[in-house]
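K.L.:
To start, I am sharing the structure in question, which I have written as structure tokens.
The values are calculated or read from the model by the stated rules, or taken from the named source; none is laboratory data. All of these numbers come straight from a predicted model, not from anything done at the bench. All Cβ positions, even for glycine, are placed from backbone atoms using ideal geometry, and neighbour counts span all protein chains on display. These area figures cover heavy atoms from the full protein model, side chains too; ligands, DNA and RNA do not enter into them. Shrake-Rupley method; radii C 1.70, N 1.55, O 1.52, S 1.80 Å.
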Amino acid sequence: MLITTGVSLLQALKVDRAMKCPAQNQMQVPSGYGLHHQNYIAPSGHYSQGPGKMTSLPLDTQCGDYYSALYTVPTQNVTPNTVNQQPGAQQLYSRGPPAPHIVGSTLGSFQGAASSASHLHTSASQPYSSFVNHYNSPAMYSASSSVASQGFPSTCGHYAMSTVSNAAYPSVSYPSLPAGDTYGQMFTSQNAPTVRPVKDNSFSGQNTAISHPSPLPPLPSQQHHQQQSLSGYSTLTWSSPGLPSTQDNLIRNHTGSLAVANNNPTITVADSLSCPVMQNVQPPKSSPVVSTVLSGSSGSSSTRTPPTANHPVEPVTSVTQPSELLQQKGVDSSSTTSSASPMPNSYDALEGGSYPDMLSSSASSPAPDPAPEPDPASAPAPASAPAPVVPQPSKMAKPFGYGYPTLQPGYQNATAPLISGVQPSNPVYSGFQQYPQQYPGVNQLSSSIGGLSLQSSPQPESLRPVNLTQERNILPMTPVWAPVPNLNADLKKLNCSPDSFRCTLTNIPQTQALLNKAKLPLGLLLHPFRDLTQLPVITSNTIVRCRSCRTYINPFVSFIDQRRWKCNLCYRVNDVPEEFMYNPLTRSYGEPHKRPEVQNSTVEFIASSDYMLRPPQPAVYLFVLDVSHNAVEAGYLTILCQSLLENLDKLPGDSRTRIGFMTFDSTIHFYNLQEGLSQPQMLIVSDIDDVFLPTPDSLLVNLYESKELIKDLLNALPNMFTNTRETHSALGPALQAAFKLMSPTGGRVSVFQTQLPSLGAGLLQSREDPNQRSSTKVVQHLGPATDFYKKLALDCSGQQTAVDLFLLSSQYSDLASLACMSKYSAGCIYYYPSFHYTHNPSQAEKLQKDLKRYLTRKIGFEAVMRIRCTKGLSMHTFHGNFFVRSTDLLSLANINPDAGFAVQLSIEESLTDTSLVCFQTALLYTSSKGERRIRVHTLCLPVVSSLADVYAGVDVQAAICLLANMAVDRSVSSSLSDARDALVNAVVDSLSAYGSTVSNLQHSALMAPSSLKLFPLYVLALLKQKAFRTGTSTRLDDRVYAMCQIKSQPLVHLMKMIHPNLYRIDRLTDEGAVHVNDRIVPQPPLQKLSAEKLTREGAFLMDCGSVFYIWVGKGCDNNFIEDVLGYTNFASIPQKMTHLPELDTLSSERARSFITWLRDSRPLSPILHIVKDESPAKAEFFQHLIEDRTEAAFSYYEFLLHVQQQICK
Amino acid sequence: MAFTFAAFCYMLSLVLCAALIFFAIWHLVLPEYSIHSLFCIMFLCAQEWLTLGLNVPLLFYHFWRYFHCPADSSELAYDPPVVMNADTLSYCQKEAWCKLAFYLLSFFYYLYCMIYTLVSS
């Protein structure tokens, strides 16, 4: 590799920088790359000839031109997309089973909830009204088909035809509904169920289910993930364990319906697509600075593929795929109407403000009493299903007024998996199978249900007092699911999935006083951009929103009559627009309550130009890479470039996607990748005090036009700096340059850093005193040392640029300061301590996997998120990575599917005149396809007035995650010991408040309601977490990274980090196994995190979220070692082992399928460490055994005694 | 009746106080702090001990705010990422209301003092 003229250019640039333009310096100094340092440092006179040859290119005008150039190009519809897409959809579709009734069901389920449902019901000749969540319908079909054929084939055949013909709407005339179906009826007037026997039978069905001994399956693979996504499916496939054959059907149903879902948005005619194609845009030619030849390959290939919007998207996890498909589909087919409304001048105005003038809230609540639903059949279902919003067919068949011998079902849900470890495996199915024909209308039930209140039952299960010090096995055998809000059946079905939206208290206290009495944190945990497999995408000219508080119409609004609806957040009565009267799914008029917006609590709107401040930005990715000696030594460049090369085609984006690279050591290197060059050019700027961009318009280039150059660069990069002797790192100036480069468009900057920045702005000193690592006293330096990174992040955020930090360091690199660049720009942080590509292969593998996910996952640009809640509640503190633009508006330069948020709430006004509160998050973003979209989640929760009810509804996991977030804030703003005290106090206060108010039992014992029984355990786990522990040696960066993760991880991942799951895996059996994709996945019970559970004869798997440990005991059965690990005996197992070999034995198969299944349930593939009992690495494993005593911390029992002591004080 | 330095101080503070009222409303922090310190120095020079005594607590509060800024750069008195949190926001609002009241009262107090010094001397 020869670098000929590059050296001279650097100097030229430096000299000419006042002109803001690089010169064409043709100095011919052939020199080896390694020489360039010496060369460019030498200033020489002849560079001054530069200006003469310079073409004047004022930087600013170019930047200004960017948009006009980009966006005024005649729009070219991305039609190939559609064409290519269609076969895809078909293909997906054709995977469905050939049986016509199944086909029908899949189609029906999406094409029109109401129509399919009513078809079903007309044929079943049962009164059935429309408010069943339409995701049910597949269930009904398949279930009923498995029992008796009921003339479905004919109806379904009809559906199938409509699919094949790809008609936008099924040309089905909508069968008229039962008479009682008026709009006001939605929540209230409902008839009694018609079928009497059902209740007994469904109840018995439940009984059998409960006695089913198999343990509860936690999240299985993607298949399961899909099921989780919206609702009904989950229940159904959960029913699979015992019934593999039907599961197949169901799953196929599922895929089938996905395919149809893709067809769905085709409804609207695509007219003006707002994504212009950039081919025509030739950025103004800059002076052709031929400076540094990067690689030996000469001439860019002419066979470069033309840019197509439809580059092959092969998502990492198949979880993302369907949604991506769906997205694309939406892009292709949707149209946005260009409305003539004036352009708002701020995002605030765009997304809509909060309550300017609210109507008086004296109006009565829009929905009936949120009383528990007395349905025994439904009770165990959510326990076995991850999504508690489970529309079950059997629920419809529920009896009311039934005598319940035991517990309040709603509460049973919350705790069913907890105590006995008995598995309620498939109540729905069994219940349903027996009574496939019972479909009394849901409408008919909820009014009567509304009459029942919580107090009517003697004591709900979640309030059952548990004596914590007496209960030895407090941890349930099966994973803990989110409690189901105690709503009536309709609302339960419509409610948002707890994976996206969770509240710490599922029963909202009526007043702040009541909340204060309960001493529990009130807040929301959000995962708004989660990968979803089913997402109704709505394209309409008008997005219906409340005129006063700008709430999006949602399932929890009430329709006063056909033409008016009442907002559930501010209670204003709004008009239903004419367009909304027409339901595109059913092609019927006058049924606004059946529109998908009102049928789904998670929807996505295609936004019109009203929601844009500027034309949607293209996807822009900039990589800023540390190439100092330290970085080269660590060797991350190879992995990164390899990953990028592999995933270049899978980067989310359309034909406008742009990409750029910068590297830095003590100087900053830019890479000119302008199309037409024969080789990438390296431009070096050594003036780090006042960075400038040498050729602003050719550094970020179109991915498709310059693909060959990019590939050349990526191939060359890892070897370019091998001989570097530069140890300094000018991160600050590099970031400033990146900001300048990105500010015209916005996008994503990925920074790879391997050491403390040591030059220029933002340089940092080492602040860690290694002797203080295990100090029990003060932990200092948790906050940033300088504001540089924070300010930079805020600037970036203002220009819609997010900075993602990959810190791969072997030494202290002050993550507390560096993390600010991501925290406030809505980026994400990855940290790989002691990274080395050969010495630490597990970290290298982790980086590789993380990168794959990182590069290919969905991304949203220039996003804002607003959270609204019912009048009377108010948000007060937000947690996560973002910038708070106004009191309820979060500015997110980028949004990624792995970002979680938390919000603290307070009750400002008493909620006495309402029985339900709702929360709505609206995330407005630009998709990678250049489309403005709004994703809306709505959560509905009941309001309660008694303290007991508040305790009954605690979601302990959500509460812990919120507390952890608050504790992070506290430790930064105050001190770590304060935060730890606050955590302990949270337990002490809540348990003592419970003891003094609710439980009337003996006060000597430490009592907790069943819903809170894991609270002390989780708090102890938090205290022993890296972020908050004291007394154990913890590196400052590790601690800070743990804090960053707490702030930005969604609940599911965070919980595993706080409290890992431990399984025994040397004796896996098929008992209770679940079937996922033709694999049998064993379901070992959870073990508590204590060494007492570890036996030398066993092998244990610990799932810590981002890492798995397999601990192999000394006396472990040789059969296991041989069959699973592939070694003859314990002694021959190597110290570092990170893979299970693929052996052809039953136990190996079981172990691998279990681990794969665990892996598939999360986006980041965790690394597996096999830890021998005697190896030094076992400390890593043992530190997670949080119930045990360490030299610095309590054991669980001691902690309980401590809490008890505090309470008695 | 003589136009003393003290009277001049009061006159000037009277005018500036009006400005302060607006600065307190608009949260123009640095001008507010500097103008207020200017008064205090002038009252010190004019040996108006009572007036100085009334202003010293606020002066110290301003110093404390300035040196305990959440941001380490002087131009940011409020930390942008957290200022929108309801707790911080309500604190800042309360602070602004209190100052507004204080400046309004001191406006009339200066008016009175100015006339008093003009008349008495």
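K.L.:
Out of all the residues in region A:549-580, which are touching a Lys or Arg at 6+ places or on another chain (Cβ under 9 Å) and either open to solvent by 10 Å² or more (accessible area, probe 1.4 Å) or part of a strand (DSSP E or B) (or both)?
P.N.:
A:Arg550, A:Tyr552, A:Ser558, A:Phe559, A:Ile560, A:Lys566, A:Tyr571, A:Arg572, A:Val573, A:Asn574, A:Asp575
K.L.:
Quick check on region A:851-878: of everything there that is of a type outside the set (A, V, I, L, M) and under 15 Å from the mean Cα position of the chain (by Cα), which residue is farthest from the other protein chains (Cβ to nearest Cβ)? So that I can check it myself, show each step before the final result.
P.N.:
Of region A:851-878, the ones of a type outside the set (A, V, I, L, M) are A:852-854, A:856-858, A:860-862, A:866, A:868-872, A:874, A:876-878.
Right, trim to under 15 Å from the mean Cα position of the chain (by Cα) and you get A:853-854, A:856-858, A:860.
Working: A:Arg853: 27, A:Tyr854: 24, A:Thr856: 30, A:Arg857: 25, A:Lys858: 26, A:Gly860: 21 Å.
Restricting to residues being of a type outside the set (A, V, I, L, M) and under 15 Å from the mean Cα position of the chain (by Cα), the top hit is A:Thr856.
K.L.:
Looking at (1) over 30 Å from A:Gly860 (Cβ atoms); (2) within 14 Å of another protein chain (Cβ to nearest Cβ), find the lone condition where A:Asp795 falls short.
P.N.:
(1)
K.L.:
Something else: Anything in region B:9-27 that is aromatic (Phe, Trp, Tyr) and free of Cβ contacts under 8 Å to residues at least 12 places away in the same chain? List them, or say none.
P.N.:
Hits for region B:9-27 are B:Phe22, B:Trp26.
K.L.:
Report the residue count in region B:1-47 for those that are open to solvent by 70 Å² or more (accessible area, probe 1.4 Å) and assigned to a helix (DSSP H, G or I).
P.N.:
12
K.L.:
Is it true that some residue in region A:867-883 is surrounded by fewer than 24 Cβ atoms within 10 Å (Cβ to Cβ) and in contact with a His (Cβ under 9 Å, 6 or more places away or on another chain)?
P.N.:
no
K.L.:
Can you name every residue in region A:709-749 that is of a type in the set (S, T, N, Q) and surrounded by fewer than 23 Cβ atoms within 10 Å (Cβ to Cβ)? Walk me through how you get there before you give the answer.
P.N.:
Kept after step one, since they are of a type in the set (S, T, N, Q), are these residues of region A:709-749: A:715, A:719, A:722-724, A:727, A:729, A:736, A:743, A:745.
Result: A:Asn715, A:Asn719, A:Thr722, A:Asn723, A:Thr724, A:Thr727, A:Gln736, A:Ser743.
K.L.:
Just a yes or no: is a residue in region A:1159-1174 open to solvent by less than 50 Å² (accessible area, probe 1.4 Å), out of contact with any helix residue (DSSP H, G or I) (no Cβ under 7 Å at 6 or more places or on another chain) and assigned to a helix (DSSP H, G or I)?
P.N.:
The answer is no; no qualifying residue exists.
K.L.:
Among (1) touching a residue at least 12 places away in the same chain (Cβ under 8 Å); (2) part of a helix (DSSP H, G or I); (3) among the aromatic types (Phe, Trp, Tyr), which single condition is B:Tyr78 missing?
P.N.:
Among (1) touching a residue at least 12 places away in the same chain (Cβ under 8 Å); (2) part of a helix (DSSP H, G or I); (3) among the aromatic types (Phe, Trp, Tyr), the lone unmet condition for B:Tyr78 is (2).
K.L.:
Separate question: Would you pick out the residues in region A:586-596 that are touching a residue at least 60 places away in the same chain (Cβ under 8 Å) and outside any loop (DSSP other than H, G, I, E, B)? Before the answer, list the steps.
P.N.:
Going through region A:586-596, the residues touching a residue at least 60 places away in the same chain (Cβ under 8 Å) turn out to be A:586-588, A:591-594, A:596.
If the condition is that a residue be touching a residue at least 60 places away in the same chain (Cβ under 8 Å) and outside any loop (DSSP other than H, G, I, E, B), then A:Ser588, A:Pro592, A:His593, A:Lys594, A:Pro596 are the ones that fit.
Table: residues versus (1) closer than 19 Å to A:Tyr1041 by Cβ; (2) more than 14 Å from chain B (Cβ to nearest Cβ); (3) without any contact (Cβ under 8 Å) to a residue 60 or more places away in the chain; (4) surrounded by fewer than 22 Cβ atoms within 10 Å (Cβ to Cβ).
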{"residue": "A:Gly760", "(1), (2), (3), (4)": "no, yes, no, no"}
{"residue": "A:Asp769", "(1), (2), (3), (4)": "yes, yes, yes, yes"}
{"residue": "A:Ser775", "(1), (2), (3), (4)": "yes, yes, no, yes"}
{"residue": "A:Leu782", "(1), (2), (3), (4)": "yes, yes, no, yes"}
{"residue": "A:Ala802", "(1), (2), (3), (4)": "yes, yes, no, no"}
{"residue": "A:Ser809", "(1), (2), (3), (4)": "yes, yes, no, no"}
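K.L.:
Considering only region A:1131-1148, I want to know if a residue exists there that is touching a residue at least 40 places away in the same chain (Cβ under 8 Å), crowded, with 20+ Cβ neighbours inside 10 Å and out of contact with any strand residue (DSSP E or B) (no Cβ under 8 Å at 6 or more places or on another chain). Steps first, please.
P.N.:
Here is the first cut: in region A:1131-1148, the residues touching a residue at least 40 places away in the same chain (Cβ under 8 Å) are A:1135-1136, A:1138, A:1147.
Then drop every residue that is not crowded, with 20+ Cβ neighbours inside 10 Å, which leaves A:1147.
Next, from what is left, pick out any that are out of contact with any strand residue (DSSP E or B) (no Cβ under 8 Å at 6 or more places or on another chain): A:1147.
Yes - at least one qualifying residue is present in region A:1131-1148.
K.L.:
Look at A:Pro942 and say whether it is open to solvent by less than 10 Å² (accessible area, probe 1.4 Å), away from chain B (no Cβ under 14 Å) and part of a loop (DSSP other than H, G, I, E, B).
P.N.:
Judged against the criteria, A:Pro942 is not a match.
K.L.:
OK, next. Every residue in region A:581-592 that is over 29 Å from the mean Cα position of the chain (by Cα) and either surrounded by 20 or more Cβ atoms within 10 Å (Cβ to Cβ) or on the phi > 0 side of the Ramachandran plot (or both), please.
P.N.:
Applying the first criterion (over 29 Å from the mean Cα position of the chain (by Cα)) to region A:581-592 yields A:581-584, A:586-592.
Passing the criteria: A:Asn583, A:Thr586, A:Arg587, A:Gly590, A:Glu591, A:Pro592.
K.L.:
Let me ask you something else. Considering each of B:Cys113, B:Cys98, B:Cys92 in turn, give the residue that is open to solvent by less than 50 Å² (accessible area, probe 1.4 Å), away from every other protein chain (no Cβ under 14 Å) and outside any loop (DSSP other than H, G, I, E, B). Show your work before the answer.
P.N.:
Numbers: B:Cys98 fails: open to solvent by less than 50 Å² (accessible area, probe 1.4 Å); B:Cys92 fails: away from every other protein chain (no Cβ under 14 Å).
Exactly one residue qualifies, and that residue is B:Cys113.
K.L.:
Can you tell me how many residues within region A:881-911 are away from every other protein chain (no Cβ under 12 Å) and assigned to a strand (DSSP E or B)?
P.N.:
Step one: filter region A:881-911 for residues away from every other protein chain (no Cβ under 12 Å), giving A:892-902, A:907, A:909-911.
Then drop every residue that is not assigned to a strand (DSSP E or B), which leaves A:892-895, A:901-902, A:907.
Residues meeting the conditions: 7.
K.L.:
Hey, can you tell me all the residues within region A:863-909 that are among the β-branched types (Val, Ile, Thr) and out of contact with any helix residue (DSSP H, G or I) (no Cβ under 7 Å at 6 or more places or on another chain)? So that I can check it myself, show each step before the final result.
P.N.:
Narrowing region A:863-909 to residues among the β-branched types (Val, Ile, Thr): A:864, A:867, A:870, A:877, A:884, A:887, A:895, A:903, A:907.
Within region A:863-909, A:Ile867, A:Thr870, A:Ile895, A:Val903 qualify.
K.L.:
Which condition does A:Arg1039 not pass, out of (1) open to solvent by 10 Å² or more (accessible area, probe 1.4 Å); (2) out of contact with any helix residue (DSSP H, G or I) (no Cβ under 6 Å at 6 or more places or on another chain); (3) closer than 18 Å to A:Ala816 by Cβ; (4) among the charged types (D, E, K, R), if it passes all the others?
P.N.:
A:Arg1039 satisfies every listed condition except (1).
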